Amino acid sequence: MPLVIMTGFPCSGKSLRAQQLIDYINANYPDSVDHIHLISDHNQMVDRNKVYEASIQEKSARGHLKAAVERLISNKEIVILDSLNYIKGFRYELYCISKSAKTTHCVIFCAEMKEQVEEWNYERENSQQYRQDILDALIMRFEPPDPRNRWDSPLFVVQKVDQLPCQTICDALFHRKPPPPNQSTQCQPLSTDNLLFEMEKITMEMITAIFQRQNKHIPGEEMVLLPKSKEKISFILL
């Protein structure tokens, strides 16, 4: 089942939009009610001001989020990642995870202005607020999604005055063929259909070559290299 990647400035309404999508799926796709998983900074116990003030801690937090996605994603589960996801390289990694799992994905971009997110941040409880320096730094580093990139597509851009296009999002998630996984990431079969035939053919070539070498070489005379072999052998007279 699909992966939904939320992205946007801090305090841009990502959690609200994620919950709206969950409510819509619950109401319109009852078979999926028990298969929706919300992963967020909150339920991963991320201390925002502490994590985002140091690159090492931020990288570790992203690793925990990514691991949670990898653990839950499958063809039966719906995973919604409610976090900043502001680095395009990280969004690409998430796209690769969904691709390897043979599922669809989409990106929902809460595109609010800096002044608006600052206002919403100020209206939060003190314990939920971003420090101003952290907020400014995250806004400055934000890499907006681009629908021309396959890992940012399909992209749904919403602002506070917009209704979340839930049905269009669901159509993109549930009624679209997932991209094929990379060949290099797929487990190769342990044997081919004609493995026994090939083994028998090589064995007969080796036996024929041994008989031919026996007729031309004196036992113990010299080492002989057989076809399809890297090791030389010598014949012993018994």
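Charges were assigned to the Cβ only: +1 to each Lys and Arg, -1 to each Asp and Glu. The resulting dipole of the chain about its Cα centre is roughly 780 debye. Expressed as a whole percent, the accessible area of the chain that falls on carbon and sulfur atoms is 55 (1.4 Å probe). Summing Lys and Arg as +1 and Asp and Glu as -1 over all other residues whose Cβ lies under 13 Å from the Cβ of S153 gives a net charge of +4.
Counting pairs of alpha carbon atoms under 8 Å apart in space and at least six apart in sequence, what relative contact order in percent does the chain give? The value is 25 percent. For Y29 and M140, the FRET efficiency from 1/(1 + (r/R0)^6), where r spans their Cβ atoms and R0 equals 45 Å, is about 0.70. The residue list H42, I80, Q129 was ranked by how far each Cα lies along the charge dipole of the chain toward its positive end, using unit charges on Cβ atoms, and I80 comes out on top. Taking each of K14/K99; K66/K177; K88/K177; K59/K99; K76/K99 in turn, the alpha-carbon distance tops 19 angstrom for K14/K99; K66/K177; K88/K177; K59/K99.
Against the compact-protein benchmark of 2.2 N^0.38 Å, the Cα-based radius of gyration of the chain scales to 1.63.
Among DSSP beta bridges lying fully in the chain, give the percent that are antiparallel, nearest 5. Here the share of antiparallel DSSP bridges comes out near 10 percent. K102 contributes an accessible area of around 120 Å² to the protein surface, as traced by a 1.4 Å probe with all chains present.
A prolate overall shape is assigned to region 40-90, the ratio a/c of its alpha-carbon gyration tensor axes (a ≥ b ≥ c) being 1.5 or greater and a/b exceeding b/c. Compute the angle between helix 88-100 and the longest alpha-carbon principal axis of the chain, please, reported from 0 to 90 degrees and rounded to the nearest 10. With both axes taken from Cα atoms, the answer is about 50 degrees. In the chain, helical runs assigned H by DSSP with n ≥ 4 each contribute -39500 (n - 2.57); averaged across all residues and rounded to the nearest 500, the mean residue ellipticity at 222 nm is -13500 deg cm²/dmol. Neighbours of Y52 by Cβ distance under 12 Å: Lys/Arg scored +1, Asp/Glu scored -1, total 0.
For L164, no residue has an amide H sitting under 5 Å from its own, ignoring neighbours fewer than 5 places away on the same chain, with H placed 1.01 Å from N. In this structure the chain gives 62 Å² per residue of accessible area when probed at 1.4 Å with all protein chains present.
The values are calculated or read from the model by the stated rules, or taken from the named source; none is laboratory data. Fair warning: this is a prediction, and the values are worked out from it, not measured in the lab. Cβ atoms come from the backbone with ideal geometry, glycine included; neighbour counts cover every protein chain shown. Surface areas here come from the heavy atoms of the whole protein model, side chains and all, with no ligands, DNA or RNA. Shrake-Rupley method; radii C 1.70, N 1.55, O 1.52, S 1.80 Å.
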